[in-house]
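Written out below as structure tokens is the structure these notes cover.
The values are calculated or read from the model by the stated rules, or taken from the named source; none is laboratory data. In this text the structure is predicted, and so the values were computed from the model without any measurement. All Cβ positions, glycine included, derive from the backbone under ideal geometry; neighbour counts span all protein chains shown.
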């Protein structure tokens, strides 16, 4: 697979059902975080960051994401989030907590927005602690 450097290349490289999920997640994230964070393609997938990493969207069609199907929404410092709804999966990684979506209908916008707001609070604290 050729190295992905743009969203267009990413969308060309993944199946349509994953593209739709990625698109919806990106729309939610950019709507919530536009004023605060930046987006770049890193590790060949959309990566959102402020002072440090906030979240990442990893379609299963892109190698090395550790998932066999669906699209992963990973919170870079998920271990520091107050996930009061227990929405995220705490896998083998001690830091990155995530949710895997196999269908766009599975996306709970309210839960994702709540976690994004929490992730921004955590990220803002990095600046004060450095």
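Just one of 53, 70, 74, 91 is modelled with pLDDT under 95, over 19 Å from residue 125 (Cβ atoms) and touching a strand residue (DSSP E or B) at 6+ places or on another chain (Cβ under 8 Å); which is it?
Result of the check over 53, 70, 74, 91: 91.
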Of the residues in segment 1-35 that are in contact with a helix residue (DSSP H, G or I) (Cβ under 8 Å, 6 or more places away or on another chain), free of Cβ contacts under 8 Å to residues at least 60 places away in the same chain and not in a helix (DSSP H, G or I), the one that is nearest to residue 58 (Cα to Cα) is 14
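For segment 75-91, enumerate the residues that are more than 19 Å from residue 33 (Cβ to Cβ) and in a strand (DSSP E or B). Even if it seems obvious, please write down each step before you answer.
Taking segment 75-91 as the starting set, the residues that turn out to be more than 19 Å from residue 33 (Cβ to Cβ) are 79, 84-86, 89-91.
Within segment 75-91, just 89 meets the criteria.
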Considering segment 31-43, residues that are within 12 Å of residue 117 (Cα to Cα) and at pLDDT 90 or above, and then whichever is surrounded by the fewest Cβ atoms within 10 Å (Cβ to Cβ), we arrive at 31
Condition set touching a helix residue (DSSP H, G or I) at 6+ places or on another chain (Cβ under 6 Å) and not in a strand (DSSP E or B), scope segment 44-60, selection surrounded by the fewest Cβ atoms within 10 Å (Cβ to Cβ): answer is 52
- Item | Meets criteria (within 18 Å of residue 17 (Cα to Cα) and surrounded by fewer than 18 Cβ atoms within 10 Å (Cβ to Cβ)) for residue 107 | yes
